[in-house]
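Visitor: Sharing a structure with you now.
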Amino acid sequence: KIALRYAGADIDALRAVAAACHARSLRKFEAARRTFPPALRDDAIIATHLERHYATLVEQNLARIVEPYSRVELAHVAKLIELDVDVVERKLAQMVLERTINGILDQGKGHFILFDDEPDDDTYKASLDTIAQMGKVVDALHDQVRQLG
């Protein structure tokens, strides 16, 4: 009897979305949005959260698909993720600009070229530390000269 209070289309819609997210399936996510449009699109807060979550799900799936490659065709990625090539291209361009993925789009050939992550170079930080220490030495020498003179 207690569970009957929480039954209905709204709960079924959220269950469908949760199952799609758990499976990381864009197809199931879209099917849930098509199956339960009033429950998922009429409420502005839920619709906003779902749009954000869908964008995150697309990013995660794209990153997972392109990760093993050094160069991959956009058409192949679009086929694997079951989205239009234009959508995949726009999303990869956005991810490159946001620096969530390290690569470039070769639009002439329709390829995405993925670069290896470069390790951080500590030379700049070490140089700044050296300069700061030298500044302290100069200040100490200046204080000693002032005390002598």
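The values are calculated or read from the model by the stated rules, or taken from the named source; none is laboratory data. All values derive from a computational prediction rather than experimental measurement. Cβ atoms come from the backbone with ideal geometry, glycine included; neighbour counts cover every protein chain shown. Keep in mind that these areas ignore ligands, DNA and RNA; they rest on the heavy atoms of the full protein, side chains included. Shrake-Rupley method; radii C 1.70, N 1.55, O 1.52, S 1.80 Å.
Visitor: With a 1.4 Å probe and all protein chains kept in place, how do His111, His142 rank by accessible area, largest first?
Guide: His142, His111
Visitor: Filter the trypsin sites (Lys or Arg not before Pro) in the range 55-149 down to the DSSP loop ones having no more than 12 other Cβ atoms within 10 Å, then list what survives.
Guide: Details: sites: Arg64, Arg71, Lys79, Arg90, Lys91, Arg99, Lys109, Lys125, Lys136, Arg146; in loops: Arg99, Lys109.
Passing both the DSSP loop test and the Cβ count: Arg99, Lys109.
Visitor: Say the dipole of the chain comes from +1 at the beta carbon of Lys and Arg and -1 at that of Asp and Glu; which of Ile81, His142, Leu114 then lies farthest toward its positive end?
Guide: Ranked along the dipole, the leading option is Ile81.
Visitor: Another question, if that's okay. With +1 on each Lys and Arg Cβ and -1 on each Asp and Glu Cβ, and nothing else charged, work out how big the dipole of the range 47-149 is about its Cα centre, in Debye to the nearest 20.
Guide: Details: 11 positive and 19 negative charges, 28 e Å.
Using only the charged Cβ atoms, the result is roughly 140 debye.
Visitor: Additional query: Relative to the first principal axis of the alpha-carbon coordinates of the chain, what is the inclination of helix 26-35, with its axis defined by its Cα atoms, in degrees from 0 to 90 and to the nearest 10?
Guide: Long axis of 26-35 versus the principal axis of the chain: about 50 degrees.
Visitor: Still on this structure, please answer the following. Near Lys79, which lysines are there with a Cα under 22 Å away, not counting those fewer than 8 places off in the same chain?
Guide: Result set, ordered by chain and number: Lys28, Lys91, Lys109.
Visitor: For the chain, what is the accessible area per residue in Å², given a 1.4 Å probe and the full set of protein chains?
Guide: 75
Visitor: Related question: What ranking do 128-134, 53-59 get when scored by the average of other Cβ atoms within 10 Å per residue, highest first?
Guide: 53-59, 128-134
Visitor: Please give the Cα centre distance for the range 69-88 versus the range 118-140, rounded to the nearest Å.
Guide: 45
Visitor: Given charges of +1 on the Cβ of Lys and Arg and -1 on the Cβ of Asp and Glu, with all other atoms neutral, how large is the dipole of the range 4-110 about its Cα centre, in debye to the nearest 20?
Guide: Working: 16 positive and 15 negative charges, 52 e Å.
For the range 4-110, the charge dipole is close to 240 debye.
Visitor: What ³J(HN,Hα) values, in whole Hz, does the Karplus curve 6.51 cos²θ - 1.76 cosθ + 1.60 give for the range 131-139 when θ = phi - 60°, with x put for Gly and Pro?
Guide: Result, rounded to whole Hz: 5, 5, 5, 5, x, 5, 5, 4, 4.
Visitor: Looking at the range 111-149, which chymotrypsin sites (Phe, Trp or Tyr not before Pro) are in a loop (DSSP not H, G, I, E or B) and have at most 13 other Cβ atoms within 10 Å?
Guide: Values: sites: Phe112, Phe115, Tyr124; in loops: Phe115.
For chymotrypsin sites (Phe, Trp or Tyr not before Pro) across the range 111-149 that sit outside H, G, I, E and B with at most 13 neighbouring Cβ atoms in 10 Å, the list reads Phe115.
Visitor: Continuing with the same structure: Note down the Stokes-Einstein diffusion coefficient of the chain in µm²/s, whole number, using a Kirkwood radius over alpha carbon pairs, 20 °C, and 1.002 mPa s.
Guide: On the way: Rh = 19.8 Å.
Estimated via Stokes-Einstein, D reaches 108 µm²/s.
Visitor: A further question on this structure: Determine the share of the chain's accessible area contributed by carbon and sulfur atoms, expressed in whole percent, with a 1.4 angstrom probe. Walk me through the numbers before you get to the answer.
Guide: Values: 6220 of 11220 Å².
On the chain, the fraction of accessible area on carbon and sulfur atoms equals 55 percent.
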